[in-house]
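Right, one structure below, let's go through it.
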Number of protein chains: 2
Amino acid sequence: MNFDALSPEQIDRLRDKLRASGLRSTRPRLALAHLLFGAGNRHVTAESLHEEARKVGLGVSQATIYNTLNQFLSAGLLSEVIVDPARSYFDTNVTEHHHFFIENETRLIDIPLNEVVLSTVPDAPEGYDLAGVDVVIRLDRR
Amino acid sequence: MNFDALSPEQIDRLRDKLRASGLRSTRPRLALAHLLFGAGNRHVTAESLHEEARKVGLGVSQATIYNTLNQFLSAGLLSEVIVDPARSYFDTNVTEHHHFFIENETRLIDIPLNEVVLSTVPDAPEGYDLAGVDVVIRLDRR
DNA sequence: TTCCACTTTAGAACTATTCTAATATACTTG
DNA sequence: CAAGTATATTAGAATAGTTCTAAAGTGGAA
Ligand SMILES: [Mn+2]
Ligand SMILES: [Mn+2]
Ligand SMILES: [Zn+2]
Ligand SMILES: [Zn+2]
């Protein structure tokens, strides 16, 4: 990981983000936070993030990838998208939104909340509270 | 499995269902088909169906449970519901519909298609075809 | 600088699912 | 209805994503 490419301001912003979540700002966490939050919204799997880390020369174990993703998830820095029975997707977009999922490319695309209008939704059954509404639009390459 | 409880007509209907899908009507398949399709729409996991089979005295291996569920899925007799990263759910309702999912009870409830109205949905990106729209409403016990 | 709580890690463990290849059964054909 | 053959079932091994363990390393408070 080339930390020279990061301005001190960027590093500080990431440090603060970790601190605010009660996480020490260690080298692996800073580097992964930079990959995840450094540019726009992203969807990653543990495997894809590990591969990406390897490519930028960051020697980080698989266990750290999983630990970090789960810690960021618990801290609310990431959300989880359940679309694929074979693996977990983590999402840097933690606001409410929906997804296109391209099955054969194992790729997710965000759909902004306002682009899906649910004009009718059933009431939650008695005794249950609404925890969230997920809309997944599955796509095939033509 | 007590096949005496099944009328010859019921057995014939299940046999035909298997045949129409190119599957031989074997004892395990007939018994599982009876459990799955014998009464209303159901959502099962491999584990829950195995347990249910055991309870009715049907000695069937885990491999047969998985084989049968996957064959029924391929044949279009079942659909799959992806809501839980930890296990697969199979659904005897193969018409288009949506779901409530109660996370802590690992339980699914059908939502008829007309009870969810998507008045606005984004177009599929260029080069992709729509394969399906899944709406999952996640619930917590109050 | 010291110290300790927290972090990272290699590798083992775990769990849902699939695979293998041997045995058993259903259906076809004579 | 008796073989014969394709298909089905099964125990157990294998696989893959993820989590756990416990030992070595590090961040930051003081
Ligand atoms: Mn987790
Ligand atoms: Mn499958
Ligand atoms: Zn997203
Ligand atoms: Zn259903």
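Based on Cα contacts under 8 Å between residues 6+ apart, chain B shows a relative contact order of 18 percent. Remark: A:16, A:140 ranked as A:16, A:140, counting other beta-carbon atoms within 10 Å and listing the fewest first.
Estimated purely from DSSP H runs of n ≥ 4, each contributing -39500 (n - 2.57), the mean residue ellipticity at 222 nm for the protein assembly as shown is -10000 deg cm²/dmol once divided by its residues.
Among the GluC sites (Glu not before Pro) in region A:87-138, those placed in a DSSP loop whose Cβ has at most 13 other Cβ atoms within 10 Å are A:96, A:126. Based on alpha carbons, the Rg and Dmax found for region B:95-139 are 13.0, 40 Å. The residues neighbouring residue A:45, those whose beta-carbon lies less than 10 Å from its own, together hold a net charge of -2 under the Lys/Arg +1, Asp/Glu -1 convention. For a paramagnetic label modelled on residue B:141 (point 7 Å from Cα along Cα→Cβ), amide N atoms under 11 Å away belong, within region B:102-130, to B:103-106. Across the identical copies, the 7 Å label point of residue A:104, projected outward along Cα→Cβ, sits 4.3 nm from its counterparts, in ascending order.
Take each residue of peptide B:121-127, count the partner chain Cβ atoms within 10 Å of its Cβ, and average: the result is 5. Taking every C-alpha pair closer than 8 Å and separated by at least 6 residues, the mean separation divided by the residue count of region B:95-139 gives a relative contact order of 51 percent. Each copy carries a label point for residue A:20 at 7 Å from Cα along the beta-carbon vector; from one copy to the others these points are 5.7 nm apart, nearest first.
For chain B, set up a GNM with springs between Cα atoms under 10 Å and report which of B:110, B:123, B:84 has the largest fluctuation. Ranking B:110, B:123, B:84 by mean-square fluctuation puts B:123 first.
The value of relative contact order for region B:3-84, using C-alpha pairs under 8 Å at least six residues apart, is 20 percent. Between identical copies, the spacing of residue A:8 label points, each set 7 Å from Cα toward the C-beta atom, reads 9.1 nm from nearest to farthest. Among residues of chain A, the one whose Cβ lies closest to the rotation axis carrying chain A onto chain B, together with that distance rounded to whole Å, is A:119, 2.
No value in this document is a laboratory result; all are computed from the given coordinates. Predicted model, so just to flag it, every value in this text is computed and none were measured. All Cβ positions, glycine included, derive from the backbone under ideal geometry; neighbour counts span all protein chains shown.
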